[in-house]
Amino acid sequence: MLHQNAVLYLALKRTGGLSAWIVFIALFMTNRLYENGQLSRFSTSGSAIPLTLVLSIAAFIAFIMLFVGFCILCLYSYVLVRSYKVSLRDDGLALSYGVFKVSDELLPFARIQEILTKRGILERVMGLASVRIKLAGGKPKRLQGLSPDAADALRDQVMGRPKDEPEAGEP
């Protein structure tokens, strides 16, 4: 049910905040090395190292850290996508997901108020779609990395189910 590009999409989506932290850490580490004099041993004339060299070293460190971080996020996203299970049951929509903390949820049809199919810019480029399920009295659930056809089919199947409402005399 999940699209083949779901792993790359989830990794790219999580990389934004990671890249800012990595650039900050790389600049901090380079600055500390420069202040401690550990970068000065590369200077042959004994003069200070030019700022361009320091920034080049920082950029290289940031690139390596970003590459390693992106590889780790791809691996995590792959395991996360493989762990995600969605199934329609008679009483609701069953979700099972998680890597470190596995969650099993049942979303009763009576609590599902609305299902939205969304396709952002990155999702459209990669041929993906997301489904957002709004629940009565709970946080909305978002299913990412679906193919557009699977997202539409899921929405149509869930919204086509009858809602089991309690009768007027029952509590």
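No value in this document is a laboratory result; all are computed from the given coordinates. Model, not experiment: these values are computed from the prediction. All Cβ positions, glycine included, derive from the backbone under ideal geometry; neighbour counts span all protein chains shown.
Structure values in brief
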item: Using θ = phi - 60° and Karplus 6.51 cos²θ - 1.76 cosθ + 1.60, couplings along the stretch 75-91 (whole Hz; Gly, Pro as x); result: 5, 4, 5, 4, 5, 5, 5, 5, 7, 7, 10, 10, 9, 8, 10, 5, 9
item: Length-normalised contact order of the stretch 99-160 in % [C-alpha pairs under 8 Å, at least 6 apart]; result: 30 percent
item: MET29, MET126, MET159 arranged by Cβ crowding within 10 Å, fewest neighbours leading; result: MET159, MET29, MET126
item: For the stretch 106-114, 3J(HN,Hα) per residue [Karplus equation, 6.51 cos²θ - 1.76 cosθ + 1.60, θ = phi - 60°, Hz, x = Gly/Pro]; result: 10, 9, x, 4, 5, 8, 6, 9, 7
item: Gain on full stretching of the segment that runs from MET159 to LYS134 - 0.36 nm per residue minus C-alpha separation; result: 7.8 nm
item: Using a Förster distance of 35 Å, the FRET efficiency for ALA110-ILE72 (Cβ separation, nearest 0.05); result: 0.30
item: Order of THR52, THR117 - criterion: other Cβ atoms within 10 Å of each residue's Cβ, fewest first; result: THR52, THR117
item: Ranked list, fewest to most other Cβ atoms within 10 Å of each Cβ, for TYR84, TYR9; result: TYR84, TYR9
